[in-house]
Amino acid sequence: MKIKLFLLILLLPCFAFSQAVEKNDLEIGLGVGLGIYGTSDNNPDKDSIKENSMAAAGLLNFSIHYAILKNFSIGILAERNGYITNKDSSNKGVSLNLGLDCQYRLLNKEKTLVFADLFGGYSHFRYDNLSHKEYVIAKGNCLQLGIGFKHYFSKIIGMFIQSNYALYPYKKLVDTNNNIVKTGPANNQKNYSIRISGLNLKLGLTFHF
């Protein structure tokens, strides 16, 4: 009897510190958030850059991750950025982002995870002037690097909080008439490009299988 009790005491830490996510587990995330960005362009008119120096966006995201190792998962992330404009404005900006997302678990305990996150993929940005029925479309890459926290209330359902540095560079924009947007003096024009970068803050639900 004493031997069994001694063995139970030795095994208690193993039960107390079991991992929330094991190899071959699947996690699905649904979230919302806010993006706060600085913007820049290659327009030689510096006043143009100043007028468009800040932007904010409401975020919606869906992700699915598969644990190929006990502390490392790889998956797919889809995200929608709806850029916030003045309530009286007829302009609307939306980007759709899709790519691969990797998560390395720095902490992986019974109900709690802390992870580093790296996302890279494709971004499609569209800006509409609804009053003039005109739009501009840009295609580019996107990159996000950050850290997150997950807590599972049960074996299946939990919540996550995440913060990422985000970068969205667009090197070519096309207008309503399918013309490439140019900038600079008439004798030295080049493709107009924009760069959006800043902080994404996300929270939502996570499901573990």
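The values are calculated or read from the model by the stated rules, or taken from the named source; none is laboratory data. As the structure is a prediction and not an experimental result, all values here were calculated from the model. A quick note on method: Cβ atoms are made from the backbone with ideal geometry, for glycine too, and the neighbour counts reach across all protein chains shown.
Structure notes:
- The sole residue among ALA116, ALA166 that is within 23 Å of GLY58 (Cα to Cα), buried (at least 20 other Cβ atoms within 10 Å of the Cβ) and at pLDDT 95 or above is ALA166.
- Out of ILE64, ILE36, ILE76, one residue alone is assigned to a strand (DSSP E or B), exposed (fewer than 15 other Cβ atoms within 10 Å of the Cβ) and modelled with pLDDT of 95 or more. It is ILE36.
- Restricting the stretch 83-103 to residues that are modelled with pLDDT of 95 or more and more than 11 Å from the chain's Cα centre (by Cα), the residue that is farthest from VAL136 (Cα to Cα): GLN103
- ASP41 at pLDDT below 95 and surrounded by 13 or more Cβ atoms within 10 Å (Cβ to Cβ): yes
- Taken together, ALA16, ALA57 contain a single residue that is closer than 30 Å to PHE160 by Cβ, modelled with pLDDT of 90 or more and of a type outside the set (Lys, Arg), which is ALA57.
- Subset of the stretch 184-209 that is within 12 Å of LYS171 (Cα to Cα) and among the polar types (S, T, N, Q) - its residue that is surrounded by the most Cβ atoms within 10 Å (Cβ to Cβ): SER193
- Yes/no for LEU106 being more than 23 Å from GLY198 (Cα to Cα), in contact with a His (Cβ under 9 Å, 6 or more places away or on another chain) and not hydroxyl-bearing (Ser, Thr, Tyr): no
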